[in-house]
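This report concerns only the one structure given below.
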Amino acid sequence: MENDSSIASLAAILRTEADRLSAGDRLPSSRELVRRFGVSPVTVSKAVALLAAEGRVLTRPGSGAYVASRHAAESPDASWQTVALGDRVVDDSAVTSLITPPADGVIPLSGGYLNRELRPMKALTAAAGRAVRRGGSWEIPPLNGIADLRRWFANEAAATQDDVLITNGGQGALTHAFRALAAPGDPVLVETPTYPGALAAAKSAGLRATAVPLDREGVRPDLLAEAFAVTGARVFYCQPTLHNPTGATLPRERRDQVLAVARAAGAFVIEDDYARYFAPGPTPPTLVSLDTHGSVIHINSLSKISAPSLRVAGLVARGQAARRIRASQVVESFFVSRALQETALEFVTSPGWRRHLTTITAEVETRQAALLTALARHLPAAEAHLVPRGGMHMWIRLPQDVDEAALVAAAGRAGVLVSPGSLYYPSEPPGPRLRLTHMAPLTLAEIEEGVRRLAKAF
């Protein structure tokens, strides 16, 4: 009786009962509710918590739950805000859909983080324990980040310690980079398709995302040059390694061409290196390591490879751009928690870090193979755009007559969560697509079952 429907049913009963009582009256005890309705103490606790969140009851530890004053449970009339706020809207729907945990019983073939069994929880917990015992862990850190952690990120990016700013995760780094490098109304070039979080951050900054096509090897430099010329843009956002969602990796020759195109346009390149630790083998050098003109803003986040709440990333930038990005973060949130920075440093400098990377790269290959096998068995009509060597996702092309939105909804009803391809396009999508994530399900059996449920919906 601890499922969501039982909790909702009991909450509805208690809501009616609270409405009949006066402010300050005590609700029946947990023991009485368990006896009367035949539910567990956990169900009672969660139902009461729902009413407390609504402001209908007040809980007093050791005493019980009491009916709140009526005015406490009523929201004020906020209709006047429609006029005051105007037309500008921050659309978080795409990002929210990617980070909301699935309901019980639903298999996630979507999401951008490791499942809980793959996260290095013992190593992170030990790192956090060591970090908070350090002197000064709760003090104000240097505004650009603690020196040893900046040095570590600099080594990862072939940069210098002074070039690194510690940010609140990769999403925070993107937000500050867009705000610092372009003004509201400016165009920004993006690969198409691309990461929805980048589209949302650009839109929130008032920028206009313009699509640049890519092929199986990543963005096409000739079309990038044309887009710079046509739009006058001064910023290009890209994911050169294991691109999200397609999995494409830009070859070395194209990387040199992209940098040359950006230099000719007098533009910045934001290099989102989100998947660097999901590659089982060597990858081409990062754009920032090839950059000799200060054109590249490089972002390396630890959240995806470790745990969602390790919101720590290293952003590499040089010159005036670096000063602007740092100022954006200081004005918005001052700095990243020193305790969190110390935890990240303890983790990435421990033996557990390398062991974790070895485990994950092996899992990537095994899980990718399991997903491809399941698709071939249950959903042969779905075609993989390419089979990347690494990464977390597969980009799937569906037959042209498939209603993408209807399929995603039907899949949800069948108990599997998938990402609609339309989320990843800044403009009109070319056809029905899905992004399937093999690192989110708990087991290989869940991958198989998730694809089977998707095929049933199809």
Practice item. Could you identify the single residue in A127, A147 that is in contact with a Phe, Trp or Tyr (Cβ under 6 Å, 6 or more places away or on another chain) and among the aliphatic types (A, V, I, L, M)? Key: A127
Check your understanding: Among the listed residues G136, G112, which satisfies the condition of being at positive phi and assigned to a loop (DSSP other than H, G, I, E, B)?
Key -> G136
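Yes or no, residue by residue, for (1) under 27 Å from L109 (Cα atoms); (2) in the same structural domain as V418 (by TED's automatic domain parsing); (3) surrounded by 23 or more Cβ atoms within 10 Å (Cβ to Cβ); (4) over 20 Å from the mean Cα position of the chain (by Cα):
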{"site": "T192", "(1), (2), (3), (4)": "yes, no, no, no"}
{"site": "A201", "(1), (2), (3), (4)": "yes, no, yes, no"}
{"site": "A211", "(1), (2), (3), (4)": "yes, no, no, yes"}
{"site": "R220", "(1), (2), (3), (4)": "no, no, no, yes"}
{"site": "T231", "(1), (2), (3), (4)": "no, no, no, yes"}
{"site": "Q239", "(1), (2), (3), (4)": "yes, no, yes, no"}
{"site": "H243", "(1), (2), (3), (4)": "yes, no, yes, no"}
{"site": "P251", "(1), (2), (3), (4)": "no, no, no, yes"}
{"site": "L259", "(1), (2), (3), (4)": "no, no, no, yes"}
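For residues that are farther than 19 Å from H438 by Cβ and buried (at least 17 other Cβ atoms within 10 Å of the Cβ), tally how many sit in region 111-139.
Total meeting the criteria: 6.
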Point to revise | Every pair of residues 6+ apart whose Cβ atoms lie under 9 Å, when the first sits in region 252-265 and is within 12 Å of F228 (Cβ to Cβ) while the second is among the aromatic types (F, W, Y) and in a helix (DSSP H, G or I) | key: V261/F228; A262/F228; A264/F228; A265/F228
**Study point:** Lone qualifier among T246, T292, T283 - being out of contact with any Phe, Trp or Tyr (no Cβ under 9 Å at 6 or more places or on another chain), of a type outside the set (F, W, Y) and touching a residue at least 24 places away in the same chain (Cβ under 8 Å)
**Key:** T283
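The rows are residues; the columns are (1) assigned to a loop (DSSP other than H, G, I, E, B); (2) among the charged types (D, E, K, R).
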residue: P285; (1), (2): yes, no
residue: I297; (1), (2): no, no
residue: K304; (1), (2): yes, yes
residue: V330; (1), (2): no, no
residue: A339; (1), (2): no, no
residue: A344; (1), (2): no, no
Review point. Within region 416-433, how many residues turn out to be part of a loop (DSSP other than H, G, I, E, B) and either surrounded by fewer than 18 Cβ atoms within 10 Å (Cβ to Cβ) or under 16 Å from the mean Cα position of the chain (by Cα) (or both)?
Key: 6
Point to revise | Which listed residue is in a loop (DSSP other than H, G, I, E, B) and within 24 Å of R116 (Cα to Cα), from R453, R389 | key: R389
Point to revise | Scan of region 323-371 for residues that are under 18 Å from W138 (Cα atoms) and hydroxyl-bearing (S, T, Y), ordered by number | key: S333, S337, T343
Point to revise | Complete set of residues in region 261-272 that are surrounded by 24 or more Cβ atoms within 10 Å (Cβ to Cβ) and either in contact with a His (Cβ under 6 Å, 6 or more places away or on another chain) or at pLDDT below 95 (or both) | key: E271
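The values are calculated or read from the model by the stated rules, or taken from the named source; none is laboratory data. These numbers were taken from a predicted model, which means no experiment stands behind them. Every residue, glycine among them, receives a Cβ derived from its backbone with ideal geometry; neighbour counts consider all protein chains shown.
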